[in-house]
């Protein structure tokens, strides 16, 4: 199951890279809307559109950073927080059709196995 956990971490990092591209392109659209609003005398609709593009770009970038962190934690840290964060992300990914659904189903399949659960448990405190 280690190969599946590593693959899941890699897929999360790949999704993070794609989300970085989406966030960048959305921010560029926001810059375009702001430049049009500036050139047209600062129309309210143009500024609202630019602001919405920037808000969406920031949200997508935050989602990408979270996916990158989970992918890194799955491959390197392998702690209980990484597993639970990946499960929460997998549940949210289920609603992102079609590729997010596939990633969510695969993530839940990998992370809910007993073997993976044991590997991600916190080490027991040494008894004195």
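Readers should treat all values here as calculations from the given coordinates under stated rules, not as data from a laboratory. Since the model is a prediction, treat every value here as computed from it, not as a measurement. Cβ placement follows ideal geometry from the backbone for every residue including glycine, while neighbour counts extend to all protein chains displayed.
At-a-glance table
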| item | result |
| --- | --- |
| Acute angle (nearest 10 degrees) that the helix 44-72 long axis makes with the longest principal axis of the chain, alpha-carbon atoms | 20 degrees |
| Cα gyration tensor category, rounded, prolate or oblate, for the chain with a/c compared to 1.5 | prolate |
| Rough spin-label spacing in nm, given labels placed 7 Å along Cα→Cβ, for residue 112 and residue 92 | 1.9 nm |
| Normalised contact order of segment 8-128, rounded percent, pairs of Cα under 8 Å and 6 or more residues apart | 27 percent |
| Theoretical ellipticity at 222 nm over the chain - DSSP helices of four or more residues, -39500 (n - 2.57) apiece, nearest 500 | -27000 deg cm²/dmol |
| Degrees between helix 2-39 axis and first principal axis of the chain (Cα, 0 to 90, nearest 10) | 10 degrees |
| Residue among 102, 16, 86 with the largest mean-square fluctuation in a Gaussian network model of the chain, springs linking Cα atoms under 10 Å | 102 |
| Residue-span extension gain [residue 44 to residue 3] - 0.36 nm each, minus C-alpha spacing | 9.5 nm |
